[in-house]
Every structure is written in C-alpha cells, then in structure tokens.
Amino acid sequence: MGEVLVLVEQTDGSVKKVTSELLTLARRLGEPSAVWVGPGFDDAAAAALGEFGATTVYVAADESLRKHPVAPVAEVLAQLVAEKAPVAVLVASTADGKEAAGRLAVKTNSGVITDAVDVSAALVATQSVFGGSTVVHSTVTSGTPIITVRGNSVAPEAAPATPARVDVTVTLSDAAAKATVTGRTVAAKGGRPDLTEAAIVVSGGRGVGSAEGFAVIEALADSLGAAVGASRAATDAGWYPHQFQVGQTGKTVSPQLYVANGISGAIQHRAGMQTSKTIVVVNKDAEAPIFELADYGVVGDLFTVVPQLTEEIRNRAH
C-alpha cells in the first residue's frame, strides 16, 4: 500500500478532531503518514496521531515556519511529495488548508479537489454542492491527488499504532518568506465547547428574531454543556457572529444531539447538520422543511418552549 500524507490541524500542540477524521479516511487509501508543520510536537501529540493509525509523523519543527502564513506549509508538503511520491495528500477544508492545497497543487503540477465529504479506496471524492442538493463524484487525473475534506464528514475510528518520528528540514523560497506574521492575538474563548467538536449543539435561526433573542438559545446550550450555532439568516442579520454559522457556507457539525430553534431548514443549513445523530426541532411553523429531518419535533413558539426546556434540564441536573 502506498503512503498517504495527512496535514495535521493543531493549535499550540493540541491535535484537532478533524485530523483524526483525515487519518481514518487515509487508512482506506493506503498507509497514513501525518505531516506536522511548526513547533509543539510532543509525546501527547504523537499518541493522538498514533491512536488513529498514523505510522509515521513527518515533523518540520523549525520555529521560523510560524513566521510566514500558509506558504511554508505548502513548501513542506511539496518537498515530501517529491521525496515520498504519496498516493494522495489529505488536508482539512479550512481557509488555510484550502490555500495550502491550492499552492501545493501549483508546486507539484497536480489536480486538487476541495470540500470533499468522502473519498473511496479508488480515490473518487464525493462532494456535496449547491447547498447539498447535488452530489458530485470527482477524481484527479494529473499528478498527486490533493483533496481537502470538510470536517465532521467522516466518523473517526481508532486504529492504534506507534508512529515513527521523521524530522524534516525545509529551506523556504524567497516567495514563501515574502509575507510575514507580525503578531498574534489569541481569540477569547468562553466556557462552551468548540462548535465543530461539540457533542451537543443548540442553534437559533430567523425565528429568534433579534440578537437579544439568542439569550434563550445560549441559556439552553449552557444547561446542556453545548455549543451554540446559528443559521445563515441569523448571522447575516447580525444577530450572532459569523464564526458560529452552521451550513454549506459555514461550519459542518455532526454532534450526538442537534437542537434547531426557529430554523426553517433551508437546504443551505441542512447541508451543515443533517448527519447529526439525533435532531430536535422547535418551530412554530408545522410545515417547516426542518421537520423532515427531525427525530423529535415541537410545534410552538421557541420563546415559550425553550425556557421551559432549559428549566426542566436544570431541575433534573440538581
């Protein structure tokens, strides 16, 4: 079996869940090898990658790689592609991941597929397009297949291995060093879990009516220890920050429990949450399309239903 390179998504040495999904997918295609760019790799990171089958971790730990955005990642990957001739390269469909994939495709004269939701053993990528209304099957016909995969598209499956560390040294080109990071500000985080990694997500939509209305959504989320999401209509209206948008053009989530409040269920939103294990819907419109996905549905005013639900959950927690 050939080698499959997986670009590790990590923050300050903590491996992101999407990497475990990519490693799971890589095992279908060949022998998964993780690629770590930047400092912070340690025994805990090696264990996290080995848990999902990484047999090798290529570590480019030079601190200077953090001084320039994205371009160094593509150069590390390009060097490995040239040396190892992998079967494919898998990257998370984040903004940086897709830029790195595009740069890598140019450097290696290879084809690139973005936003895949699945990849078969024959390297056929599945994409969900036009808000989830159309499924496309694509293959790369030139060079090394480079595929970016949407988070929460594949269920991570453990396959423990003990990865070997291989250190990689890369000399950046003048072009890669042109843009320089002059400073970093750590995003302020509340006590809620990350939206794409949460086991429970509580979302609000147009029916919430205002930014102030999201207080009832947040209260329910906090009672459940859940993340808060929002539909595109709610974020476009300025009621909730765009980084919490769930949908085709936002985040893809696949929690154990998804609670949709005041969300009609347009195709755009459904594409981002329809793989949730259990879906609960609260909407006063009994004909709302979201009810087609619901495991449990309540037809009623969310401002009446949700506070009662929150109170009941809090009472049972005591």
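The values are calculated or read from the model by the stated rules, or taken from the named source; none is laboratory data. Model, not experiment: these values are computed from the prediction. Backbone-built Cβ (ideal geometry, glycine too); neighbour counts: all protein chains shown.
Restrict the check to the range 178-194 and report whether at least one residue is surrounded by 10 or more Cβ atoms within 10 Å (Cβ to Cβ) and at pLDDT 95 or above. No: the range 178-194 contains no residue that is surrounded by 10 or more Cβ atoms within 10 Å (Cβ to Cβ) and at pLDDT 95 or above.
With respect to the conditions (1) in contact with a strand residue (DSSP E or B) (Cβ under 7 Å, 6 or more places away or on another chain); (2) surrounded by fewer than 23 Cβ atoms within 10 Å (Cβ to Cβ), Thr94 falls short on a single one, namely (1). When the range 128-162 is limited to residues that are over 23 Å from Leu80 (Cβ atoms) and β-branched (Val, Ile, Thr), the one that is surrounded by the fewest Cβ atoms within 10 Å (Cβ to Cβ) turns out to be Thr134.
Of everything listed in (1) surrounded by fewer than 22 Cβ atoms within 10 Å (Cβ to Cβ); (2) in contact with a His (Cβ under 8 Å, 6 or more places away or on another chain); (3) not aromatic (Phe, Trp, Tyr), the single unmet condition for Ala125 is (1). Of the residues examined, Asp222 is one that is charged (D, E, K, R), in the same structural domain as Leu302 (by TED's automatic domain parsing) and either surrounded by 13 or more Cβ atoms within 10 Å (Cβ to Cβ) or over 16 Å from Asn152 (Cβ atoms) (or both).
Of Val73, Val91, Val18, which residue is under 22 Å from Val154 (Cβ atoms) and either among the charged types (D, E, K, R) or out of contact with any Gly (no Cβ under 7 Å at 6 or more places or on another chain) (or both)? Step by step, each of Val73, Val91, Val18 is checked, and only Val73 is under 22 Å from Val154 (Cβ atoms) and either among the charged types (D, E, K, R) or out of contact with any Gly (no Cβ under 7 Å at 6 or more places or on another chain) (or both).
Just give me the residues in the range 180-207 being part of a loop (DSSP other than H, G, I, E, B), within 30 Å of Asn152 (Cβ to Cβ) and in contact (Cβ under 8 Å) with a residue 40 or more places away in the chain, in sequence order. Result: Val181, Leu195, Thr196, Glu197, Ala198, Ala199, Gly205.
To keep it simple, each residue is scored yes or no on (1) in contact with a Ser or Thr (Cβ under 9 Å, 6 or more places away or on another chain); (2) surrounded by 13 or more Cβ atoms within 10 Å (Cβ to Cβ); (3) not charged (D, E, K, R).
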residue	(1), (2), (3)
Gln256	yes, no, yes
Asn261	yes, yes, yes
Lys277	yes, no, no
Val281	no, yes, yes
Asp285	yes, yes, no
Val298	no, yes, yes
Leu302	no, yes, yes
Val305	no, yes, yes
Leu309	yes, yes, yes
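In the range 60-77, what residues are of a type in the set (A, V, I, L, M, F, W, C) and crowded, with 22+ Cβ neighbours inside 10 Å? Selection gives Ala60, Val73, Ala74, Val76, Leu77.
Taking residues in the range 292-318 that are of a type in the set (Ser, Thr, Tyr), and partners anywhere that are surrounded by 12 or more Cβ atoms within 10 Å (Cβ to Cβ), the pairs with Cβ atoms closer than 6 Å and at least 6 places apart or on different chains are Tyr296/Val280; Thr310/Ala219; Thr310/Leu220; Thr310/Ser223.
When Ala47, Ala26, Ala54, Ala88 are checked against the criterion of being surrounded by fewer than 17 Cβ atoms within 10 Å (Cβ to Cβ) and not charged (D, E, K, R), Ala47 stands alone in meeting it. For the range 54-70, taking the residues that are of a type in the set (A, V, I, L, M) and in contact with a helix residue (DSSP H, G or I) (Cβ under 8 Å, 6 or more places away or on another chain), the one that is farthest from Pro156 (Cα to Cα) is identified as Leu65. Within the range 97-120, the set of residues being part of a helix (DSSP H, G or I), crowded, with 19+ Cβ neighbours inside 10 Å and under 16 Å from the mean Cα position of the chain (by Cα) comprises Gly97, Ala100, Ala101.
Please determine, by comparing only the residues of the range 255-271 that are under 17 Å from the mean Cα position of the chain (by Cα) and modelled with pLDDT under 90, which one is farthest from Arg150 (Cα to Cα). Per the stated criteria, the residue is Gln268. Quick one: how many residues across the range 14-47 are in contact (Cβ under 8 Å) with a residue 24 or more places away in the chain, over 17 Å from the mean Cα position of the chain (by Cα) and either farther than 17 Å from Ala92 by Cα or assigned to a loop (DSSP other than H, G, I, E, B) (or both)? Total meeting the criteria: 10. Confirm whether Arg165 is in contact (Cβ under 8 Å) with a residue 60 or more places away in the chain and under 20 Å from the mean Cα position of the chain (by Cα). Considered against the rule, which asks whether it is in contact (Cβ under 8 Å) with a residue 60 or more places away in the chain and under 20 Å from the mean Cα position of the chain (by Cα), Arg165 comes out as no. Checked against the criteria, Val166 counts as within 30 Å of Gly50 (Cα to Cα) and either assigned by TED's automatic domain parsing to the domain that holds Lys107 or outside any loop (DSSP other than H, G, I, E, B) (or both).
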